[in-house]
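Visitor: Below: one structure in structure tokens.
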Amino acid sequence: MIAALTQLLLFQLAGEVVARGLGLPVPGPVLGMLFLFLALALRGGPDAELQTTSQGLLQHLSLLFVPAGTGIMLHLHRVADEWLPLLLSLLVSTFATLAVTALVMRLALRSTPTEGGQP
Amino acid sequence: MTPHLNEIWVYLAASPLLGLTITLVAYQGAFWLYRRSGMNPLANPVLISVTALVALLSLTGTPYQTYFDGAQFVHFLLGPATVALAVPLYTQFRRVRAMLLPVLLGLVAGSLTAVLSAIAIGKLFGASTPTLLSLAPKSVTTPIAMGVAERIGGIPSLTAVLVIATGILGAVGARYLFDAMKLRDPAIRGFAIGVASHGIGTARAFQVSEQAGAFAALAMGLNGLLTALMLPALMPLLSRWLG
């Protein structure tokens, strides 16, 4: 577990250094994810330890959101002031995204000779 | 309160132990409720923990910053967890090569729809600019969304809450929408849920079918990456639009 955590932290560190060093507008951990993905492609996949550790970390992903989510207490007045645009935006945008993604994929699948999914 | 208890409280209130412990206890309790409800998406464990913690902190008059001094140790793990997303991304990526083009087209269309429609509707109904910028990355998994919000001038903690709300909406509603659209392919259903409502939607898709779950996990990772690259690059255009 320690070796896998060390790997994850090293990739995150590399991501932070490159993002800040080159002034890229991308969060460091995202670049770290990209680097790890490339490393996995070169290596032909994760070792057992990295597989287990990342699975454990991602299984409890929702716990990691709690401290940031609790930060809502700093913004209660903003949510109270702007609840209508927030509610409508979340509702319409989420359903529009679901529908657009699905429709575009269905169209693209129909117009390419079927290699994957059902017709 | 006896002077003795008072001394203990003064000590605990100033140490990071309390903030860290109540975060874990609140989450354990919320997760127990979630399981008891048969994993009902409305009983989302993050929503329940946050509500309980906000109530507790408000009742005891504890400032958020004092709480966060302890909770930051949990918060810090979001970084390594984001990096760890590369592992499922890599595992799913090989399965999906066969339908690469439809997947990429769906991804780009969905990702743009998520960002632009959220901003457009928010602006139409009078949301302020910091709120709009906090809304923009709402379809992406929280660690990425918060990083993007910080970069483009939104409020990361507000984004976290909006992301969670988006996840719950998609997880609850997707099924009815797709049934109405007569859309049955589990690969398409799963991928669309992953693009629109990230990890919470993905967890839901896995409960429906293995294939839908795999495509949702892939979509969550790809949309996180695309939004993190695209949204900061779009900012010069967006800030002209937002005025």
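The values are calculated or read from the model by the stated rules, or taken from the named source; none is laboratory data. Everything numeric here is computed off the predicted structure, so don't read it as measured data. Virtual Cβ from ideal backbone geometry, glycine too; neighbours counted across all protein chains shown.
Visitor: Is it true that some residue in the stretch A:65-74 is more than 8 Å from chain B (Cβ to nearest Cβ) and surrounded by 14 or more Cβ atoms within 10 Å (Cβ to Cβ)?
Guide: No: zero hits.
Visitor: Filter the stretch B:191-243 down to the residues that are more than 19 Å from residue B:145 (Cβ to Cβ) and touching a Lys or Arg at 6+ places or on another chain (Cβ under 7 Å) and list them by number.
Guide: B:212, B:214 - these are the residues of the stretch B:191-243 that are more than 19 Å from residue B:145 (Cβ to Cβ) and touching a Lys or Arg at 6+ places or on another chain (Cβ under 7 Å).
Visitor: Sticking with this one: Of all residues in the stretch B:163-200, which are within 22 Å of residue B:222 (Cα to Cα) and of a type in the set (Phe, Trp, Tyr)?
Guide: B:178, B:191
Visitor: Check residue B:126 against each of (1) in a helix (DSSP H, G or I); (2) within 8 Å of chain A (Cβ to nearest Cβ) and name the one condition it does not meet.
Guide: (1) is the only condition that residue B:126 fails.
Visitor: Same structure, new question: Name the residues in the stretch B:106-123 that are within 7 Å of chain A (Cβ to nearest Cβ) and under 17 Å from residue A:84 (Cβ atoms), would you?
Guide: The answer is B:117, B:118, B:121, B:122.
Visitor: Same structure again: Scanning for something under 17 Å from residue B:198 (Cβ atoms) and either at pLDDT 90 or above or at the interface with another protein chain (Cβ under 9 Å from one of its Cβ atoms) (or both), does the stretch B:96-105 turn up at least one residue?
Guide: yes
Visitor: Can I ask one more? With respect to residue B:140, determine if the residue is more than 9 Å from chain A (Cβ to nearest Cβ) and modelled with pLDDT under 90.
Guide: no
Visitor: Still on this structure: Answer with yes or no whether residue B:66 is more than 30 Å from residue A:110 (Cα to Cα) and under 22 Å from the mean Cα position of the chain (by Cα).
Guide: Considered against the rule, which asks whether it is more than 30 Å from residue A:110 (Cα to Cα) and under 22 Å from the mean Cα position of the chain (by Cα), residue B:66 comes out as no.
Visitor: Next question. Would it be correct to say that residue B:57 is modelled with pLDDT of 85 or more, assigned to a helix (DSSP H, G or I), over 21 Å from the mean Cα position of the chain (by Cα) and facing chain A (nearest Cβ under 9 Å)?
Guide: Here the answer is yes, as residue B:57 does meet what is asked.
Visitor: Suppose we filter the stretch B:73-85 for residues that are touching a residue at least 24 places away in the same chain (Cβ under 8 Å) and in a helix (DSSP H, G or I); how many remain?
Guide: Here the count works out to 6.
Visitor: Also, quick follow-up: Of everything in the stretch B:170-186 that's among the hydrophobic types (A, V, I, L, M, F, W, C) and at pLDDT 90 or above, which residue is nearest to residue B:229 (Cα to Cα)?
Guide: Per the criteria, the residue is B:174.
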